[in-house]
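Please treat every number below as a calculation from the coordinates, not as lab data. All figures in this text were calculated on a predicted structure; none of them were measured in a lab. We place every Cβ from the backbone using ideal geometry, glycine too, and count neighbours over all the protein chains shown.
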Amino acid sequence: MDVNANGTITGVQSGKCLEANGQSTGNGTKLQLWDCWGGANQQWNLIP
């Protein structure tokens, strides 16, 4: 995976973005790889 400056996380082989399915933010939300389009459900904050 690559963590990008714009907050997206992309798969190295696929180039697709990690996103929350259905733009949900609740616990247990399924994640998927999808074409990058800049939606809020593709923006991540990684806290060390």
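Pairs only if they're at least six apart or on different chains, beta carbon under 9 angstrom, first in the range 23-48 and among the basic types (Lys, Arg), second in a helix (DSSP H, G or I); list them, first residue then second.
Sorted first by the residue in the range 23-48, then by its partner, the pairs are Lys30/Asn21; Lys30/Gly22.
Filter the chain for residues that are over 10 Å from the mean Cα position of the chain (by Cα), in a helix (DSSP H, G or I) and surrounded by 12 or more Cβ atoms within 10 Å (Cβ to Cβ) and give the result.
none
For the range 17-38, how many residues are of a type in the set (Gly, Ala, Ser) and under 12 Å from Asn6 (Cβ atoms)?
Residues in the range 17-38 being of a type in the set (Gly, Ala, Ser) and under 12 Å from Asn6 (Cβ atoms): 1 in total.
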